[in-house]
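Here it is, the structure, as structure tokens.
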Amino acid sequence: MTAPAKLKKSETLEIRIPYPTKQAFMARCQNEGRSASEVLRAFIDGQVEPQSPRPARKTWRLIAGLAAAAAVGAVAVPSLARPVLKAAEFARLDANHDGVLSFDEYRRP
């Protein structure tokens, strides 16, 4: 008996989110050692799989806690925004002078 073949990941999904939200999400993914694609695929898979009829009481508490954390995060994320970089500041941050700031270059002091 052979294992079923994995489906090829050939489709893309584009979403539009504020830049600070993207930066915070990417930093969290990096801290967890997971790619953004992996995290989003896991979330989507969880949304399309059949759901149990009624979550247990502990699950409701978890959902309420996550909702509260999301609300606090939504309020805090705009405070992470930085003003647009001036040309001189951008040049200082762009260590390899390739015209693009990598995450490591951006978080460097």
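The values are calculated or read from the model by the stated rules, or taken from the named source; none is laboratory data. As the structure is a prediction and not an experimental result, all values here were calculated from the model. We place every Cβ from the backbone using ideal geometry, glycine too, and count neighbours over all the protein chains shown.
With the requirement that a residue be in a loop (DSSP other than H, G, I, E, B) and modelled with pLDDT under 65, what does the range 72-109 give you? Reasoning before the result, please.
Taking the range 72-109 first, the residues in a loop (DSSP other than H, G, I, E, B) are 81-86, 94-102, 108-109.
Listed by number, the residues that qualify are Ala81, Arg82, Pro83, Val84, Leu85, Pro109.
Is one or more of the residues making up the range 22-32 in a loop (DSSP other than H, G, I, E, B) and either loosely packed, with under 10 Cβ neighbours inside 10 Å or at pLDDT below 85 (or both)? Quick ask: steps written out before the conclusion?
The initial filter retains those residues of the range 22-32 that are in a loop (DSSP other than H, G, I, E, B), namely none.
No.
Residue check: is Lys6 basic (Lys, Arg) and in a loop (DSSP other than H, G, I, E, B)?
yes
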